[in-house]
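Quick notes on the structure that follows.
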Amino acid sequence: MDFDLSEEQRMLKESVDRLLEDRYSFEQRKTYTKAPDGWSRELWQQYADLGLLSVPFDSKYGGFGGGPVETMILMEAFGAALVLEPYFATVTLFGGCVRIAGTEAQKDALLPKIGEGKLLGAFAHSERNSRYDLADVQTTAKKDGSDWVLDGEKTVVIHGDCADKLIVSGRISGGQRDKDGIGLFLVDAKAPGVTRKGYPTQDSLRAADITLKGVKVAAGDMLGESGKAFPIIERVAQSAIQALSAEAVGGMQEMLDITVEYLKTRHQFGVPIGSFQALQHRAVDMLVATEQARSMAMFAAMMVDEKDDAERAKAINAVKVHIGKSGRYVGQQSIQLHGGIGMTLEYKVGHYFIRSTMIEILFGDTDHHLAALARAGGLIAPGTTA
Amino acid sequence: MDLRYTPAETAFREEVREFFRTSLPADIRRKQELGQRLAKQDIVTWQRILNKKGWAAPMWPVEYGGTGWDAVRYFIFREELHLAYAPDPLGFNVNLVGPVICAFGTREQKEFFLPKLLNLDIWFCQGFSEPGSGSDLASLKTRAVREGDHYVVNGQKLWTSNGHNADWMFALVRTDPNAKKQRGITYLLIDMRTPGLKLRPIVTLDGDPHTNESFFDDVRVPVTNRIGEENKGWDYAKFLLGNERAGVARVGTCKRRVLAARALAATVMVDGKPLSENARFREKLALIEVELQALEITNMMVVDKMKKQVGYQQDPRASVLKIKGSELQQATLEILLEAAGPSAIPRQLDFLLAQTDDVIGPDWAATAAPNYFFSRAISIFGGSNEIQHNIVSKAVLGL
Ligand SMILES: Cc1cc2nc3c(=O)[nH]c(=O)nc-3n(C[C@H](O)[C@H](O)[C@H](O)COP(=O)(O)OP(=O)(O)OC[C@H]3O[C@@H](n4cnc5c(N)ncnc54)[C@H](O)[C@@H]3O)c2cc1C
């Protein structure tokens, strides 16, 4: 057992922390939200130059060769800075699909470009009715000679507005919610038949609803085997939750720090409000929740590559439950302890609260994962007692 | 003891319900159902309808336009108002400054303001809080210096909600900096058009520029716009804060949200079944109903006491209403957000502000997140829940 970071991991953490310290003050962030894409292209290139965009990719593809711990380091830093750039969409989701399911040719063609900052991707999977059911796919994928034709609508595709390429899930066979019969397809975002409606999200990121009308896909642009994409989607969602859990912890720590600082400096009744025991205890409960969430983010990093499908799935369920609950508590209390100032978008803490609310929704909310975990029989194996 | 309503009260409920059902303009009701923000004109329109009926300010003394209802009838009125998706009469006018003018205003002030407050010809905002004075309101610093028949006001107010819609502000200002902090405060009515008074909008977490910062730079206020005596403003304000707390529980609003959540959840599919049939969701909703039932009875108990006691003293149970009421209002918006799920992710400010009909996803889900975000303020304003805990621990528990 060893909780320390390796030398390389420490350097990664230092370089991302330094960059964000320099370039991601709350004021600077505000200017990035006003750019045409709602984030900074220039910073994106800097991430690329520092090697951040290839962190989870194998060195064969020009990658850093990092694993879940490296992802945790990055995402925690991004969460603390409320980073707007499409790292999660491009590297975690799109890159994740390619990394997990791509052929050598696909990896060669895509991963180096992502790492160089020259390719933006998005994962066009969710639909209006799918909610948190990863198998719920109505978009159809029909065979046309050796090619495929996609028809349907994808909703709330994170950073789907700026993506160069999309990975689209389509139903090849079976019913709306069958796990069998789903395919994943690489689609050029500007391909004929693709229309995108981009919009901002609550947390100042961007997303798009994407309509696919008779979109042609070459046989070589399928990811994984025909009709067997569900396990890939599940793995990508699990990596996504691992990444989000670290991001959430970065945000929670900031909310805690900002709130504690405020308790020390805000005066009412002639004393710092931090001298009121009711608020002291609340701040301690925020710390407890944050620390427990941090433990779960580490658990996620440990379990996301676990070979046993059932164990991995349960672990990730547990992580999402905790992150959802603790993020909600820390978020709500950070607003409450600030009083009015917590309620305005002019002040930083509310932005963390909003982002943590969105993280709770993404890839399954607390109730969804709690139900899944309970159905699977819980975490502690029956044979655990002596 | 009999907790049931009398036949007369039940008949009264029917009458009120019928009126709301037939009088609330459909477009206003629609906005309320969708969780959209009302425009100033919506609130004005509705209050004028109520005023025409004589119901704009039921609890004012009858001579100034009140109804003479007892507390039970007023309680029924409010519950039906909320169940009908009808907006409240403007609280600043009707619950806050109006009663103060009724009780402490001069004859001229009463004649000038009260009819206009009822008909919303004048819209008031509240200038109490300051950057350094929130929970500790009595520490406020905005200074007013007497110069002949005017006060000259300098300083800053914060969280002046709806100030941009307002014609007048009721404000607390410091007139005697040397007195004990509660003693040197004066209550002024300030015309928003007075030179030197400027607003800066503040956007709240829902994205709406709901509130403001107000700056006073040599703002001249006629002494005739003072309420009561100089340096006695705190007493009038305390009277008013008591009023603010009496109407906080909003059981009717919570009830209609529970019903809405259940109905809307029937349109959301989870694992191939409607969310409304999902055991965990149903149980969470049912638990809110249990708590609401308890709150409703507590509320009625307070109301019954108000009815029977002449010169009713503020009951510490009002703090129970505020604490539990705010938590339940927040819980109902929280569960609506859970029902909306991913459909709540797009930020649709124009739709929230009812400036467009275009919507991404189900219309009701488009407002779920901003309404949840804003609901966090309910446990902050009007005396935060921590302050309510302090009140109860001192006044009830003697700690
Ligand atoms: C959306 C919104 C609209 C508003 N509209 C208006 C308006 O129209 N007009 C107006 O005048 N004001 C308005 N307010 C201001 C509101 O009344 C204040 O926010 C409230 O009084 C709290 O003050 P504060 O924000 O300065 O917080 P603070 O008083 O600084 O409180 C910060 C935290 O400390 C806690 N705290 C403070 N004192 C104690 C104590 N003794 N013991 C334990 N905990 C304590 C509080 O509970 C809170 O958690 C509005 C506020 C909001 C959020």
Scoring only Lys, Arg, Asp and Glu (+1, +1, -1, -1) among other residues with Cβ under 10 Å from the Cβ of A:Arg235 yields -1
Rounded if a/c is under 1.5, else prolate if a/b beats b/c, else oblate: with a ≥ b ≥ c from the C-alpha gyration tensor eigenvalues square-rooted, which is the range B:124-232? oblate
Could you work out the helix-only [θ] at 222 nm for chain A, with each DSSP H run of four or more residues adding -39,500 (n - 2.57) and the total divided by the number of residues, to the nearest 500 deg cm²/dmol? -16000 deg cm²/dmol
How far apart, in nm, are the 7 Å Cα→Cβ label points at B:Arg317 and A:Asp17? 5.6 nm
What percent of all Cα-Cα pairs in the range A:122-227 falls into each 5 Å bin, going from 0 up to the bin containing the maximum distance? 3, 14, 25, 26, 19, 9, 3, 1, 0
Each residue of B:343-352 has, on average, a number of other protein chain C-beta atoms within 10 Å of its C-beta equal to 5
Global geometry of chain B, whether rounded, prolate or oblate, following the gyration tensor of its Cα atoms and the 1.5 cut on a/c: prolate
Need the list of lysines near B:Lys141 for cross-linking: C-alpha distance under 20 angstrom, and skip anything on the same chain fewer than eight residues off. B:Lys157, B:Lys180, B:Lys181, B:Lys198, B:Lys232, B:Lys238
Round to the nearest 0.05 the FRET efficiency obtained for A:Ile380 and A:Ser6 when R0 = 45 Å and r is the Cβ-Cβ distance. 0.90
Taking Cα atoms of the protein assembly as shown, Rg/Rh with Kirkwood Rh, to two decimals? 1.01
Applying 1/(1 + (r/R0)^6) with R0 = 30 Å to the Cβ-Cβ distance of A:Gln45 and B:Val203, what FRET efficiency is obtained, to the nearest 0.05? 0.45
Ranked from highest to lowest mean number of other Cβ atoms within 10 Å per residue, what is the order of the peptides A:373-383, B:117-127? B:117-127, A:373-383
Proximal lysines to B:Lys273, defined as alpha-carbon separation beneath 19 angstrom and excluding residues fewer than eight positions away on the same chain: A:Lys179, B:Lys284
For B:Glu147 paired with A:Asp147, estimate the spin-label separation in nm (one decimal), with each label point 7 Å from Cα along the Cα-to-Cβ line. 8.0 nm
Residues with amide H under 5 Å from that of B:Thr67, placed H, sequence gap 5 or more: B:Met59, B:Trp60
So how compact is the range B:248-396: Cα radius of gyration and Dmax in angstrom? 17.9, 58
Rounded to the nearest 20 debye, dipole of the range A:231-375 from Cβ charges on Lys, Arg, Asp, Glu: 280 debye
Measure of size requested: the Rg and Dmax of the range A:7-119, with Cα atoms as the atom set and Å as the unit; please supply both. 13.8, 43
Which distance in nm do the two modelled labels at A:Ser25 and B:Met301 give, with both placed 7 Å along the Cα-to-Cβ direction? 5.5 nm
Using the eigenvalues of the Cα gyration tensor, what equivalent ellipsoid semi-axes result for chain A when each is taken as the square root of five times the eigenvalue, whole Å, largest first? 36, 24, 20
Value of [θ]222 nm, deg cm²/dmol, for chain B, DSSP H segments ≥ 4, -39500 (n - 2.57) each, nearest 500: -14500 deg cm²/dmol
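Rank-order A:173-181, B:50-58 by packing density, defined as the average count of other C-beta atoms within 10 Å over each peptide's residues, highest first.
In descending order of packing, they fall as B:50-58, A:173-181.
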Within a 10 angstrom radius of each residue's Cβ in A:341-351, how many Cβ atoms of other chains show up on average? Whole number is fine. 5
Can you tell me the 0 to 90 degree angle between the C-alpha axis of helix B:40-53 and the longest principal axis of chain B, rounded to 10? 90 degrees
State the extension gain, in nm to one decimal, for the chain segment bounded by B:Lys284 and B:Glu33, taking 0.36 nm per residue of separation less the distance between their alpha-carbons. 88.2 nm
What does the extension gain come out to for B:Ala103 and B:Leu399, with contour length at 0.36 nm per residue minus their alpha carbon separation? 103.2 nm
Dipole in debye (nearest 20) - chain B, about Cα centre, beta carbon charges: Lys, Arg +1; Asp, Glu -1: 580 debye
Could you give the dipole magnitude of the protein assembly as shown about its Cα centre, charging the beta-carbon of Lys and Arg +1 and that of Asp and Glu -1, in debye to the nearest 20? 1980 debye
Note the full-extension length gain between A:Asp188 and A:Lys60 as 0.36 nm times their separation in residues minus their Cα-Cα distance, in nm to one decimal. 43.6 nm
Average beta-carbon neighbours from other chains, 10 Å sphere, peptide B:134-142: 3
Assuming R0 = 41 Å, can you tell me the calculated FRET efficiency for the pair B:Ala179 and B:Leu349, based on Cβ-Cβ distance, to the nearest 0.05? 0.35
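Show me the ranking of peptides B:391-398, B:324-331, B:364-371, B:219-226 by mean Cβ neighbours inside 10 Å, starting with the highest.
Output ranking for B:391-398, B:324-331, B:364-371, B:219-226: B:364-371, B:324-331, B:219-226, B:391-398.
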Go through A:Leu134, A:Ile172, A:Ser204 and say which Cα lies farthest out towards the positive end of the charge dipole of the range A:122-227; charges sit on Cβ, +1 for Lys and Arg, -1 for Asp and Glu. A:Ser204
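Each reported figure results from applying straightforward, stated rules to the coordinates on display, with no laboratory input. Fair warning: this is a prediction, and the values are worked out from it, not measured in the lab. Note: ideal-geometry Cβ built from the backbone for every residue, glycine included; neighbour counts use all protein chains shown.
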